[in-house]
Every structure is written in C-alpha cells, then in structure tokens.
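Written below as structure tokens is the structure these notes are about.
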Amino acid sequence: MRNVTPDTLTTAVQDTFKCENPRVALLVAKLIEAVHAYAIDVKLTHAEWREAIGFLTRAGDISDEERNEFVLLSDVLGLSSLVDMINSPLGATESSVLGPFHILGAPPLAVGGDLIGDNPGDHIVVYGQVRNLQGQALEGAKLEIWQTAENGLYSNQDQKQSEFNLRCQQVAGVDGRFAFTTVRPAPYMVPSDGPVGDLLRAGGRHPWRPSHLHFIVMAEGYRTLVTELFPEDDAYLDADAVFGVRESLVLNYKRHDTTADLPVDVEAKDRLKTPYFSVQFDFTLAPD
Ligand code: BEZ
Ligand code: FE
C-alpha cells in the first residue's frame, strides 16, 4: 500500500476492512467513499479539518446521559428526518423525530383521563383510535405521550414542573380508542448552548420548533411508531429547526365555545375552560 494517491486511497482504505457482516461491510465502504469524495469535492484544508474535529470533540464533551449533541446534530442536518422518511412503511402513520425530552416511567392515564392538572394554558381534548393497515382497531395498544407546558419547557427542563408533568402512558380501550385532556403545548427552541447552536448561528438559522404533541405508539406484532402532531396555525410549521413536520401530521385544533358538544367523554369535562379545542387523530400501525 505504498504510494497511495487521492485516486487510489479510497479503495486502499476500503480494502483494509474485512467485515464479516455484509451490511456492516456496505455501510463502512460507502461511508469511506462519501467522506473521501466530500474532502476532495470541497478541497478540505487542514484548518477546516481541525475545526471539524474540534466541533465533534465539543459535541462529545457536552453530551451525557441526558443530552446527546450528536443526535441534535443529526436532527438539525435533516438526517434524523431522512432516516424516518426512508423507513416509513406505506399506509402507516408517518414517523417524526423522538427528540431528547422523552423519559421512561411516565404514570398510566386511563382513557379520557386528565393531564391539565394545574397547568396554565388553553385546554385541549385529544382523541382518536389506533388501527392497523387493514383498519382493524388495536385495543390494548400502548401510547406514550409527552409535551411542553405553556412556557415551552418540558418537565425535565424546568425545576418548577413535577417530574412527570404533561406526560403519561395510556392503553387504548375498546375500538383502539384513546383520549385525554391537556393544555396546548407551545413552540420552543432546541438546545442551542452547545456546538450545534454555534452551527445554527453560523448558518443564520433559528432554533425554533413548532408546538407539538409527542407520541410513541406500540402494539404487539406491530412496528413501534414514534411521531408528533402539530397544530395547523403554528407560526413555525414551515420553519421547523429539525424538519419534523409532515403534512399528514398537521391538524386542525377545532374551537368549541361550550362543553355541551364534547366529542368524547373525558374525566375533566366539568373543569374544562372554554373556549377549548379538540384534536382528533387516528394512528395506523404497520406490521413488524
Ligand atoms: C423535540 O421535539 O423535543 C426535539 C426534537 C429534536 C431536537 C430537539 C428537540
Ligand atoms: Fe418536542
């Protein structure tokens, strides 16, 4: 392997790998090809290479069990959404980014239960069904739900909120139905105090995401769905910092001036503040 040149180096490096797993072999060979082609294409300088290594080092330094700057980098570069889109099964509900604020162990909430508690904000009733591609209801499907409070912060970003504020797990009932009352989530900024924030600023980009409700929907024998639902009147719908919005996940928040027309039975019916808004969405899961 003496006298490698820019023309022979890529193959020389690829040939040193003897991966047993053919998929790993493909991933490694294509990665080498792509990064070499990039360096040649932009004629990468030493200073730029050092800057890139420094960036990745800072991303590693700021990452810990609760914060992963590499995932955020993938999100703002659109890679997370690209992986979502190329792996979304036809006919199923589209997936969207998980984000860093999901936590395990949220308390169970019965169908029709309440998350509003003493949270300020507009009241919303969220309801729908979980079904499979054939339209059959998936009774017993599990939903994990989490969102920001009205101040745009998740419970794990805000000392003033209790640990599991605006988070729950719900088991879909008869006909795959789920329902809960909550407050309208707010737009918020992705963490921008690390190297990814520097990258956004260098690129003249903002860190805002449109408001959304996060869901993970699981059922035995079906592919787990990680997704989000967005209100159609959000100012950042067409400018999501992490490219998570899909047309099919944008919903009308229907205004109601009286609780006499509640679309579904909810435990908090006598405590709902008017006007309240209803949000209806049916999830479709693909087989595993
Ligand atoms: C979120 O939706 O919570 C989120 C997603 C990607 C990056 C940062 C936050
Ligand atoms: Fe989020």
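Laboratory data are not the source of any read-out in this text; all were calculated from the coordinates shown. What you see is a predicted model, and the numbers here were worked out from it, not measured in a lab. Cβ atoms come from the backbone with ideal geometry, glycine included; neighbour counts cover every protein chain shown.
Mind listing the long-range amide H neighbours of Leu115? Cut-off is under 5 Å, sequence gap 5 or more, other chains count too, H placed in the peptide plane at 1.01 Å from N.
Close amide H contacts, sequence-distant or interchain: Thr181, Thr182.
If the chain between Asp288 and Leu262 were fully stretched, how many nm would it gain, using 0.36 nm times the residue separation less the Cα-Cα distance? Display every interim value, and only then the final one.
Values: separation 26, 0.36 × 26 = 9.36 nm, distance 3.53 nm.
Stretched fully, the Asp288-Leu262 segment lengthens by 5.8 nm.
Under the rule a/c < 1.5 gives rounded, and otherwise a/b versus b/c splits prolate from oblate, where does the stretch 1-134 land using the Cα gyration tensor? Write out the running numbers ahead of the final one.
Working: a/c = 3.19, a/b = 2.03, b/c = 1.57.
Because a/c hits 1.5 or more and a/b exceeds b/c, the stretch 1-134 counts as prolate.
Check which residues have an amide H placed less than 5 Å from Arg223's amide H, if you skip close sequence neighbours.
When sequence neighbours closer than 5 places are left aside, the close amide H contacts are Ala286, Asp288.
How much net charge surrounds Arg177 when only the other residues with a Cβ under 13 Å from the Cβ of Arg177 are counted, with Lys and Arg +1 and Asp and Glu -1? Intermediate results must be reported in sequence, preceding the final value.
Values: positive: Arg131; negative: Glu139, Asp175, Asp265, Asp282.
With Lys, Arg at +1 and Asp, Glu at -1, the neighbours total -3.
Can you list which of the DSSP-assigned H helices in the chain have a Cα extent of 20 Å or more along the long axis and an average Kyte-Doolittle score of at least 0.0?
Numbers: long enough: 22-42 (30 Å, 1.18); 46-62 (24 Å, -0.24).
Those that clear 20 Å and a mean of 0.0 are 22-42.
Taking amide H positions as placed in the peptide plane 1.01 Å from N, state which residues far from Arg177 in sequence (5 or more) or on other chains have amide H under 5 Å from it.
Hits under the 5 Å cutoff: Val130.
When the Karplus curve 6.51 cos²θ - 1.76 cosθ + 1.60 is applied with θ = phi - 60°, which whole-Hz ³J(HN,Hα) does each residue of the stretch 243-248 get, with x for Gly and Pro?
6, x, 7, 10, 3, 5
Suppose R0 equals 45 Å; then what is the FRET efficiency for Asp238 and Arg2 from their Cβ-Cβ distance, rounded to the nearest 0.05? Could the numbers behind the result be given before it?
Numbers: r = 54 Å, r/R0 = 1.20.
So the FRET efficiency works out to roughly 0.25.
Once label points are set 7 Å from the Cα along Cα→Cβ at both Glu20 and Leu90, what is their separation, rounded to one decimal in nm?
Here the answer is 3.7 nm between the modelled labels.
How large is Rg/Rh for the chain, to two decimals, with Cα atoms and a Kirkwood Rh? Before the final figure, lay out the partial values.
Details: Rg = 22.6 Å, Rh = 21.4 Å.
My calculation puts Rg/Rh at 1.05.
Once you charge only the Cβ atoms, +1 for Lys and Arg and -1 for Asp and Glu, what is the size of the charge dipole of the chain about its Cα centre, to the nearest 20 debye?
Working: 24 positive and 41 negative charges, 81 e Å.
With Lys and Arg at +1 and Asp and Glu at -1, about 400 debye.
What order do you get for 122-130, 164-172 when each peptide is scored by the mean count of other beta carbon atoms within 10 Å, highest first? Intermediate values should be presented prior to the final figure.
Working: 122-130: 22.2, 164-172: 20.6.
The most tightly packed comes first, giving 122-130, 164-172.
Placing unit charges on C-beta atoms (Lys and Arg positive, Asp and Glu negative, everything else neutral), compute the dipole magnitude of the stretch 108-182 about its Cα centre in debye, rounded to 20.
Working: 5 positive and 9 negative charges, 51 e Å.
Roughly 240 debye for the stretch 108-182.
Going toward the positive end of the dipole of the stretch 98-191, with +1 on Lys and Arg Cβ and -1 on Asp and Glu Cβ, which of Ile116, Gln136, Phe180 do you reach last?
Gln136
Where nothing but the Cβ of Lys and Arg (+1) and of Asp and Glu (-1) is charged, how large is the charge dipole of the stretch 1-158 around its Cα centre, in debye to the nearest 20? List each step's numbers first, then the result.
On the way: 10 positive and 22 negative charges, 160 e Å.
Magnitude of the dipole: close to 760 debye.
Return the distance in nm (one decimal) between the two label points of a simple spin-label model at Lys30 and Arg255, each offset 7 Å from Cα along Cα→Cβ.
Taking the simple label geometry, Lys30 and Arg255 are separated by 4.9 nm.
Along the Cα-to-Cβ line of Ile40, 7 Å from the Cα, sits a label point; which residues in the stretch 3-18 have backbone N less than 12 Å from it?
5-12
Let me check I've understood the local charge: for Met85, count other residues with C-beta under 12 angstrom from its C-beta, Lys and Arg +1, Asp and Glu -1. What total comes out?
On the way: positive: Arg246; negative: Asp84, Glu94.
Overall, the nearby charge balance is -1.
How many percent of all Cα-Cα pairs in the stretch 107-157 sit more than 15 Å apart?
Working: 757 of 1275 pairs.
I get 59 percent for the Cα pairs in the stretch 107-157 exceeding 15 Å.
Length gain on complete extension for the stretch Glu65 to Leu77, per 0.36 nm per residue less the alpha carbon to alpha carbon distance? Can you show the working numbers first?
Details: separation 12, 0.36 × 12 = 4.32 nm, distance 2.18 nm.
Gain on extension, Glu65 to Leu77, equals 2.1 nm.
Normalising by the residue count of the chain, find the relative contact order in percent from Cα pairs under 8 Å and 6+ residues apart. Could you put the intermediate results ahead of the total?
Working: 517 pairs, mean separation 62.1, N = 288.
Computed over the chain, the figure is 22 percent.
Could you name the lysines whose alpha carbon sits less than 18 Å from that of Lys273, not counting residues in the same chain fewer than 8 places away?
Counting by Cα, and skipping residues close in sequence, Lys273 has these lysines nearby: Lys254.
Would you be so kind as to identify which of Gly197, Val13, Leu73 lies farthest towards the positive end of the dipole of the chain, taking Lys and Arg as +1 and Asp and Glu as -1 on Cβ and the Cα centre as origin?
Of the listed residues, the answer is Val13.
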